[in-house]
Structures are given as structure tokens and as C-alpha cells.
Amino acid sequence: MWLSCVFWPQLFWAFSLCFLGKMTTVLEASPLNCQEICFCASDVISCSKKELVVIPSSLPKYIAMLDLTHNNLARLRAEWTPVPLTRLHTLLLSHNQITFVSSEAFHMTPNLRHLDLSCNKLRILDENAFSALENLEVLILFKNAIVDIDRTAFDDMAHLQKLYLSYNLVTRFPIELVKDGEKLPELSLLDLSFNQIKSLPVSQLRVLPAWLTNRLYLHGNQLTCNCELYGLYWHWHVRQLASTMDFREQLRCYPPSQQRTVSINIFSLNESEFMNCSIVRESGMEVYLEDTVILNCDTKQRDISQIWMTPGKEMHKQYDGDQTNSSISVLNNGSLKIRHIRLEDRGTYTCYAQSETLNETLYVTLSVFNFTRHVHQDTLNTAYTTLVGCVASVILVLIYLYLTPCRCWCRTGDRGQGEDRDSIRSSVLSATPNHETTSDKAALSRHVAFLEPPGDLRGQNGKLKPNGSQDAPGIKNSLQPSSPQRKLSDPGSISSVFSDTPIVV
């Protein structure tokens with residue numbers, strides 16, 4: 001009994017020291033062994049499925065591709081390679097247990113272009129996590145447990161083209177990755193499918209170029225249904241973008257007022273039993289006279305040649321000589337610039353985007369308003385004054401037609417004496433009757449007649465004396481005493497004294 005009490009503790013410590021020593025030996029990086037551990041073929045080294053917990057040391061400088069998939073690697077520190085591997089362009093680390101990646105882990109691999117960290121246990125992408133990879137083109141991070149992405153995690157990655165972040169726990173769309181194209185200017189694929197995103201910045205996503213939204217994958221998220229979301233996806237569907245055409249049935253959302261148990265297809269939100277959203281149509285551009293406008297050839301592929309056809313069947317190409325003096329020119333990015341818009345410039349413009357793998361035709365309808373955008377103040381004042389004058393004229397005409405007193409021309413017995421005098425005066429100035437109404441005829445009993453003057457009525461110079469004339473007292477013809485006295489003419493026929501016109505009686 002005494003021997004057992006003394007022997008077993010010593011034996012336990014002996015086994016413990018041996019186990020710790022063995023673990024220390026295992027954690028230390030062993031030299032590369034191409035005969036037993038890894039497979040080496042020229043500049044390609046594969047150490048897949050070898051249950052490695054650390055990366056082998058003494059990697060050759062000429063290595064171009066390193067495969068460490070399906071092992072037990074837990075951390076990727078800065079010292080995993082003590083020497084620069086300037087020729088290494090592909091590093092495969094998928095299907096490991098990696099929970100931490102140092103921001104200095106890639107300082108020795110500046111020319112890495114393909115990095116696969118999928119199927120690991122990463123939770124947070126720290127500050128400047130991949131900023132050292134300035135030449136990286138493809139970064140695969142799908143099927144981790146990523147919850148948070150630091151805004152600077154992908155800084156200085158000017159050549160990154162494809163970023164795979166699907167099957168993670170991301171809850172916020174990282175708009176800084178695609179906004180304005182400043183952080184990742186060459187990014188053409190962003191996979192955020194099957195995350196925990198519930199809302200999207202629709203207004204910012206709508207202005208993204210087609211070559212980026214064509215491969216912006218957002219299916220399989222926890223999106224909340226609304227008409228803005230429907231309009232975004234319908235707009236992409238009209239353009240036949242791959243992000244909607246390839247995964248149409250997986251584009252689903254959850255009604256806002258219900259539990260997230262049953263999802264519905266986004267393209268069914270225009271139906272009355274759901275949200276009855278309006279269908280979005282493609283619209284053209286509306287401009288004003290003398291404006292300068294740029295028509296974008298929003299294609300699904302970058303760096304392809306564009307040819308524009310105007311409504312007048314004129315063709316314009318990129319690098320078409322000196323276009324500085326032309327009103328229509330094609331810019332370096334393929335957009336069509338039109339200076340000093342005229343009415344003749346309206347119509348449908350056609351862009352033909354061509355490459356070895358893609359032929360795409362786009363139509364842009366341009367509408368031109370028949371006035372300038374900035375109208376001069378004097379023009380506004382003149383137009384306002386003219387409008388006021390027209391309105392005032394209409395009002396005065398209406399007042400004259402409907403609010404002036406009626407002359408009651410149908411009542412012949414009520415004409416005043418002054419009205420008769422006005423008619424008489426008018427006949428003095430003109431032999432033509434001025435108001436030939438029924439009442440006038442009844443009051444004055446005038447008519448035009450040609451009479452043979454009787455002998456006793458013939459006066460001086462053979463002029464006819466009207467009937468009903470009055471004698472002029474005290475006026476006698478001293479040269480012809482036997483002649484009758486002269487009488488004053490009727491006021492209605494005074495004009496007959498000065499004219500040979502027919503007499504009005």
C-alpha cells in the first residue's frame with residue numbers, strides 16, 4: 001500500500017511531462033518533408049489532409065501554390081513563414097479550425113492573388129485584416145461564423161475582383177465596399193448570400209453600375225418585404241442581371257407584420273394579396289435646351305468597346321479622333337456626351353457593347369424640353385405681365401357683355417328725347433344712318449327719297465326746300481322782292497345744303 005501511494009503520483013508526473021513534451025514538439029513547425037507529409041511537384045506543394053496543427057517550415061522561395069486544406073490549423077500568425085515568398089500566388093487554407101488571422105500574416109506574401117479561408121471558424125474581420133494583400137484578386141471567406149466586418153478590413157486592396165462572404169452571420173450590408181468604387185475599384189463579384197441581413201440600402205444600390213450589380217448576390221437573407229425592395233429587384237430583372245436571373249426562386253423576403261416563419265418570393269409583391277407594389281418601368285432622360293448630358297452605356301461587363309448610334313443614324317466610337325469641337329463625343333469610359341442640347345437631339349440612342357464573350361445592346365431615350373433650364377428674370381417678368389394683361393382683357397370683355405345696362409331696343413315708346421338728338425346730330429356729320437333700329441325709324445320717320453321739287457319750293461340755285469321748314473324772320477331776298485322768304489332747313493337734312501346726296505326726310 002505504501003509503495004502504491006508513492007509510486008502512482010510519480011508515475012502520473014512522468015506521463016504528464018512526456019505528454020507535454022510531445023505536444024511542444026508537435027506545436028513546433030517541422031521542416032517540410034516532401035516524401036512523407038506533403039506532396040511536392042515543382043512549385044506546387046500540397047499538404048492536404050495531414051492533420052497538421054502548424055504550417056511546415058522551410059518552405060522553398062520558389063513556391064507558387066500552397067495547399068493546406070483539411071487540417072487542424074487554428075491560428076494564422078505573422079511568423080508562419082519567416083522568409084518572403086514573393087512567388088506565392090495561391091494559398092489554400094479551407095476546412096481548418098482557424099479562428100484568428102493576424103493583420104501581419106501576409107506581409108511575407110505580397111504577390112498573393114488567390115486566398116481561400118472558407119469553412120473555418122472566423123468570427124470577426126479585424127482592422128486592416130487583409131490590407132497587406134494589395135495584389136489579391138480572389139478572397140474566399142464563405143461558411144465561417146463572421147458576425148462583424150471592420151470598415152478597414154479590406155483597405156488598400158485595389159485589385160480585388162471577387163469577394164465571397166456567403167453562409168456567415170453578417171447582419172449589415174457593407175455598403176462601404178461598393179460605394180463610389182473607391183475602396184475596391186475593381187470589384188466585380190460580391191457574394192453576401194445566406195447571411196442575416198434584414199434590410200438593404202436600396203437608394204444606394206440602385207445607382208451602382210450594372211457590371212457590379214450583375215454579380216451582387218443577396219439571395220437567402222432575412223430581408224423584410226417592402227415595395228422599394230421589389231422595385232430594386234424588378235429593375236435588375238428588366239436588365240436581366242445574373243444576380244436575379246440565376247437565383248430568381250431564392251429571392252425571398254418576410255412580411256413585416258408577421259413572424260419570420262414563412263417567406264414569399266420578392267417578385268410576387270406586386271400581387272394584391274401581398275403588397276400590390278407597382279411595376280417599375282425603364283425610363284429615359286429628360287433635359288432642357290442648352291444642357292450638357294452624359295448617356296451611360298451601363299453594360300454588364302467592364303472594359304469592352306462601345307459604339308453609339310444617334311437617332312439620326314450617326315455612328316460614334318471611342319477614340320474617334322479629335323472630338324473636342326464636336327457637340328457629340330464618346331468618353332473614355334464609353335459614355336456618350338452631348339453638349340448644348342437642341343430639339344433635334346431628342347430621340348432614342350443605341351449603345352452596342354461588344355467583346356469576345358458579350359454582345360449587349362442598350363437603348364436610352366432622350367426627351368428635350370423646348371426651353372432652357374435657367375430662364376432669365378426679364379423673360380419671367382414679361383411672361384407674367386402678358387398673362388395678367390390677357391386675364392384683365394378677358395374680364396373686361398365679360399363685364400362689357402354681361403354687366404352693361406340693356407338699351408331695351410325692343411321698347412319703341414320709351415326712347416328719350418336726348419337719344420333722338422344724338423341721332424339727329426349724327427346725321428349732320430354723315431349722310432349714312434348710324435343706328436338703323438326700329439325705334440329710330442319710328443321716332444324720326446326717315447327714309448330716302450328722290451323727289452321732283454315743285455315750282456314754289458325751288459330756291460336759290462335750284463335747291464329743294466324740305467317740307468315742314470320754318471320761316472326765317474326778318475330775312476328777305478333784297479334782290480328779288482317777289483321771291484318767298486327763306487326758311488331754315490330741317491335739322492335732319494342740313495347736309496343737303498352742302499352736298500348733292502339724296503335727301504333724308
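The values are calculated or read from the model by the stated rules, or taken from the named source; none is laboratory data. In this text, all values refer to a predicted model and were calculated from it rather than measured experimentally. All Cβ positions, even for glycine, are placed from backbone atoms using ideal geometry, and neighbour counts span all protein chains on display. To get the accessible areas, we keep the full protein, side chains included, count just its heavy atoms, and leave off ligands, DNA and RNA. Shrake-Rupley method; radii C 1.70, N 1.55, O 1.52, S 1.80 Å.
Key figures for this structure:
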{"item": "Apportionment of accessible area to carbon and sulfur, region 330-370, percent (1.4 Å)", "result": "44"}
{"item": "Where N is the number of residues in region 169-295, Cα Rg divided by 2.2 N^0.38 Å", "result": "1.14"}
{"item": "Rg ratio (alpha-carbon, reference 2.2 N^0.38 Å) - region 54-161", "result": "0.98"}
{"item": "Region 69-154, accessible surface, carbon-and-sulfur percent (1.4 angstrom probe)", "result": "48"}
{"item": "Per-residue HN-Hα couplings for region 78-85 [Karplus 6.51, -1.76, 1.60; θ = phi - 60°; Hz; x = Gly/Pro]", "result": "5, 8, 5, 9, x, 10, x, 10"}
{"item": "Ranked by how many other beta carbons lie within 10 Å on average, peptides 118-126, 389-397 from highest", "result": "118-126, 389-397"}
{"item": "Region 128-236, accessible area per residue, ligands and nucleic acids excluded (1.4 Å, Å²)", "result": "38"}
{"item": "Under the Karplus curve 6.51 cos²θ - 1.76 cosθ + 1.60, θ = phi - 60°, whole-Hz ³J(HN,Hα) for region 201-214, x wherever Gly or Pro sits", "result": "x, 4, 4, 7, 6, 5, 8, 6, x, 5, 5, 9, 5, 4"}
{"item": "Accessible-area order (highest first, 1.4 angstrom probe) of the listed residues Trp211, Trp308", "result": "Trp211, Trp308"}
{"item": "Kirkwood hydrodynamic radius (C-alpha pairs) into Stokes-Einstein, region 178-238, 37 °C and 0.692 mPa s, D in µm²/s", "result": "268"}
{"item": "For region 142-150, Karplus couplings with θ = phi - 60° (6.51, -1.76, 1.60), whole Hz, Gly/Pro x", "result": "6, 6, 10, 10, 5, 9, 10, 10, 5"}
{"item": "Alpha carbon Rg of region 105-253, scaled by the compact-globule rule 2.2 N^0.38 Å", "result": "1.02"}
{"item": "Of Lys61/Lys143; Lys49/Lys198; Lys61/Lys300; Lys49/Lys143; Lys179/Lys337, pairs whose Cα-Cα distance is over 29 Å", "result": "Lys61/Lys143; Lys49/Lys198; Lys61/Lys300"}
{"item": "Gained length - Ala392 relative to Ser48, 0.36 nm times residue gap less alpha-carbon distance", "result": "114.6 nm"}
{"item": "Percentage of interatomic Cα-Cα distances in region 133-181 larger than 12 Å", "result": "66"}
{"item": "Protein-only accessible surface order, largest first, of Thr99, Thr350 at 1.4 Å", "result": "Thr99, Thr350"}
{"item": "Kirkwood hydrodynamic radius (C-alpha pairs) into Stokes-Einstein, region 66-112, 20 °C and 1.002 mPa s, D in µm²/s", "result": "193"}
